[in-house]
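A quick write-up on the structure given underneath.
The values are calculated or read from the model by the stated rules, or taken from the named source; none is laboratory data. Bear in mind that the values here come from a model prediction, so they are computed numbers and not experimental data. So basically every Cβ, Gly included, is an ideal-geometry build from the backbone, and we count neighbours across all protein chains shown. With ligands, DNA and RNA removed, areas are computed over all heavy atoms of the protein, side chains included. Shrake-Rupley method; radii C 1.70, N 1.55, O 1.52, S 1.80 Å.
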Amino acid sequence: MAGRIYISGGGSAEDTKQLDELFFNELPAGSKFLFVVTGFQGDPREQTARQWMIDLLLMHHRPDLICQMAYDLNDITSLADYHAVYIGGGDATLLMNEMDDSGFERILMRFNFYGGVLYGGGSGGGLIMGKYIDTSSEIKTVFRTGLDLIGRYSIRAHYEHMREDWSSWPVKHGGPLLCLPTDVGVVFKDGKIESTTSHRYKIFE
């Protein structure tokens, strides 16, 4: 049975506090998870990611968890020792290109299929969980595919209700678009939305 997938709309540690709490509460005491930060290449956040995660674990009273950093996906050949994979934000196109080139995409999908828990954070990490990732102005390649792990959904992060109309997007892409404001998170199980931290999300179908 596939593992749960946690998807954040982005934002600060305070914005994602509810979703993070759900995620960390699922991890057994002393378990190990992988923190993928390859989307931050060339970004100052790459250098501060480890300390950011340490602070996040302390904030949620989970210093017992073991975090292994992943700066190069070519170095990861197995996820057998991990209970979860936390994919940070950054450049979604870069993340997907690296997953494709390194073969990590297959490893990650197999991991989730057999019960491994995934977290897509910082918007970029959430986008790649969907069927397509061209839901941001920064992504120029139309119909760029993602991991396609959440049914037929694609993800739009940092969604602003009053300023954005994505009604034509599902018609072009042939599937629903789940739009998440910055402080909203969702939990998927077997391709369906199992729970949310708020009902302030929007689905265009």
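Overview of results
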quantity: Candidates Leu147, Leu178 - the one that is open to solvent by less than 50 Å² (accessible area, probe 1.4 Å), outside any strand (DSSP E or B) and modelled with pLDDT of 95 or more; calculated: Leu147
quantity: Any hit, the stretch 147-167, residues being under 24 Å from Val37 (Cβ atoms), out of contact with any Cys (no Cβ under 6 Å at 6 or more places or on another chain) and without any contact (Cβ under 8 Å) to a residue 24 or more places away in the chain; calculated: yes
quantity: Residue in the stretch 90-106 that is over 15 Å from Gly10 (Cβ atoms), open to solvent by less than 80 Å² (accessible area, probe 1.4 Å), in contact with a strand residue (DSSP E or B) (Cβ under 7 Å, 6 or more places away or on another chain) and not β-branched (Val, Ile, Thr) present; calculated: no
quantity: Unmet criterion (only one of (1) part of a helix (DSSP H, G or I); (2) among the charged types (D, E, K, R); (3) within 24 Å of Tyr153 (Cα to Cα)) for Asp55; calculated: (3)
quantity: Pair list, Cβ under 7 Å, 6 or more apart: the stretch 100-118 residue in a strand (DSSP E or B), other residue open to solvent by 40 Å² or more (accessible area, probe 1.4 Å); calculated: Val117/Arg4; Val117/Glu26; Val117/His83
quantity: Filter result for Asp20 (open to solvent by less than 40 Å² (accessible area, probe 1.4 Å) and either free of Cβ contacts under 8 Å to residues at least 24 places away in the same chain or not aromatic (Phe, Trp, Tyr) (or both)); calculated: yes
quantity: Matching residues, the stretch 58-98, being part of a helix (DSSP H, G or I) and in contact with a Phe, Trp or Tyr (Cβ under 6 Å, 6 or more places away or on another chain); calculated: Leu73
quantity: Neighbours by Cβ (under 7 Å, 6+ apart or cross-chain): first from the stretch 45-73, under 26 Å from Met96 (Cα atoms); second open to solvent by 90 Å² or more (accessible area, probe 1.4 Å) and assigned to a helix (DSSP H, G or I); calculated: Met69/Arg50
quantity: Some residue of the stretch 148-166 being more than 19 Å from Leu94 (Cβ to Cβ) and among the small types (Gly, Ala, Ser); calculated: yes
quantity: Selection within the stretch 187-205 - outside any strand (DSSP E or B) and in contact with a Pro (Cβ under 6 Å, 6 or more places away or on another chain); calculated: Arg200, Glu205
quantity: Search result, residues across the stretch 31-44 that are farther than 13 Å from Ala84 by Cβ, open to solvent by 10 Å² or more (accessible area, probe 1.4 Å), touching a residue at least 24 places away in the same chain (Cβ under 8 Å) and not in a helix (DSSP H, G or I); calculated: Gln41, Asp43
